[in-house]
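I have placed the structure first, in the form of structure tokens, so that the comments after it can refer back to it.
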Amino acid sequence: MKTSTATSVSNTEQGPLVEVMDQRGRVLAAMPAAEVRRQQLCHRSVVILLHDEAGRLLLRKRPSPRGQGPERWDVPVHSPVFEGEALLDAATRALDATLYIHAERMRLVQALAPSLENGNEFQHVFALVRPEGSTSHGQPGEADNYFFGPEELRCLLKDFSELVSARFHLLAKELKLPRRERRPA
């Protein structure tokens, strides 16, 4: 009995499989995540915005593309959704794998359509609020994490935009970040 190429590739041979989709969100095939990214094929991903109780947003320094230039500030958690995986399961998996945090309460805040600017991803943006100090204690690379307040974030995006990843620039624009601070009455 013959099997199709998509179903005969195992998770361990070429990495996890990702569902390739059309612009309407219909699944066309399953391919290794690295190949989907390389070809910029349409697929689903999750992004997690992590805030502390004061409303500051956690960003993480990441190497620049191709290792040239300065590091860039980016979202701390971004991952493709694997074949057959639910969005919340993907977000929980990615958060645990990246920051070693088990999410009790995450909420979907926005879904962004695929475009060339966002790597052709149906991006599902989740938000999570964690108590201050509970996100970086004892974790690898904790020096590369920083909580930005609204004014700091505004300044970073406006005056130091070359230090921000293209992904975060696009997210900030789509989500209208930074949001206005809420002042107590």
### Task
Would you mind telling me which numbered condition in (1) modelled with pLDDT of 95 or more; (2) surrounded by fewer than 19 Cβ atoms within 10 Å (Cβ to Cβ); (3) under 19 Å from Met21 (Cβ atoms) Val125 fails?
(2)
### Query
Inside the range 108-122, can you point out the residues that are assigned to a loop (DSSP other than H, G, I, E, B) and among the charged types (D, E, K, R)?
Glu117
### Query
Are any residues in the range 99-122 polar (S, T, N, Q) and crowded, with 17+ Cβ neighbours inside 10 Å, and if so, which ones?
Asn118, Asn120
### Message
Any residue at all in the range 134-151 that's of a type in the set (Asp, Glu), closer than 16 Å to Ala90 by Cβ and at pLDDT 90 or above?
### Response
no
### Message
Within the range 78-107, take every residue that is outside any helix (DSSP H, G or I), modelled with pLDDT of 95 or more and among the aliphatic types (A, V, I, L, M) and give me the one that is farthest from Met21 (Cα to Cα).
### Response
Ala86
### Query
Looking at the range 47-56, is at least one residue farther than 13 Å from Phe126 by Cβ, modelled with pLDDT of 95 or more and outside any helix (DSSP H, G or I)?
yes
### Task
Have a look at Glu83, Glu53 and point out the one that is in contact (Cβ under 8 Å) with a residue 40 or more places away in the chain and closer than 14 Å to Leu128 by Cα.
Glu53
### Failed item, numbered, when Asn118 is tested on (1) modelled with pLDDT of 95 or more; (2) under 27 Å from Gln14 (Cβ atoms)
(1)
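The values are calculated or read from the model by the stated rules, or taken from the named source; none is laboratory data. Values in this document were obtained by computation on a predicted structure and should not be read as measured data. Virtual Cβ from ideal backbone geometry, glycine too; neighbours counted across all protein chains shown.
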